[in-house]
There are 2 protein chains.
Amino acid sequence: MLESIAYIAQQIKEARETKGLSQRALSEKVGIPQSHISRIENGAVNLQLSSLIELARVLELELILVPKEAQKATGAIIREAQRPKKKSDIHNQLVHSSASKNRAKYQLDDED
Amino acid sequence: MLESIAYIAQQIKEARETKGLSQRALSEKVGIPQSHISRIENGAVNLQLSSLIELARVLELELILVPKEAQKATGAIIREAQRPKKKSDIHNQLVHSSASKNRAKYQLDDED
DNA sequence: TCTTATGATGTGTCTTAATATATCTTTTCT
DNA sequence: AGAAAAGATATATTAAGACACATCATAAGA
């Protein structure tokens, strides 16, 4: 399983696409090779925390641990934040939704 | 830097203590050696995402990526969730506050 | 078509997380 | 004090992340 890694990987990919960055562009900003970013986004690696944090920083995301009981409430807020605020941002919606069509394969070993 | 690792490590430690678990007890639940949990909580290792996710699962935490703009709002909700709901839970507050006295050393290499 | 941009994939090397195991220190009891 | 529990630390081994680098496949544009 480890579908949580799939979720995180997908979040990274969507955030990158929302920002209109190619893997190579992100690679230069964050200092991680494009080949590795590809593997990360496809869930092909069990990345280290430092890599995730660096990616998150450049993508203006914050990695946090939320108590399960608070998850629903935070989820609502986050979805709200991700909603484009200006009509000129509808473009983002398109990029975003096309991104969510992508299936993550996640060939990580089934541990647990 | 990588103070975000310190933050995550501290969150794990506090969640464990709030649940009244020893490192060894958590070790058995999650299948990670106590020695490694110690290193994780002290920020002495740059742990892998699977380890963090496994720990979070057992500690009933969810690892999420929050847009920076939504961070304040989610922070408020999370603090609310962490507040003990019953008077009988004041015990947790004590454990929790004693935990926060601990300084993390974080001898991780200064990258960036 | 040829080029260009993008993402995916392969290989070899180095580093280090994760493991097993043991031990040591510190704290907390009785 | 001594015993027990808890956390920190040491060592050796194994597994795999991260890297550099090249290359492949595909799609988009000229």
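Where a number appears in this text, it was derived from the coordinates with a stated rule and is not lab data. Because the structure is predicted, anything quoted here is derived from the model rather than measured. No Cβ is skipped: glycine too gets one built from the backbone with ideal geometry, and neighbour counts run over all protein chains shown.
A few remarks follow.
- Listed by Cβ neighbour count within 10 Å, with the fewest neighbours leading, A:ARG39, A:ARG16 appear as A:ARG39, A:ARG16.
- Centre separation in Å (Cα based) which lies between region B:10-53 and region A:13-68: 24
- Multiplying the residue separation of A:GLU3 and A:GLU80 by 0.36 nm and removing their Cα-Cα distance gives an extension gain of 25.3 nm.
- In plain terms, if you count all Cα to Cα distances in region B:1-56 and split them into 5 Å steps from zero, the share in each step is 4, 21, 35, 28, 9, 2, 0 percent.
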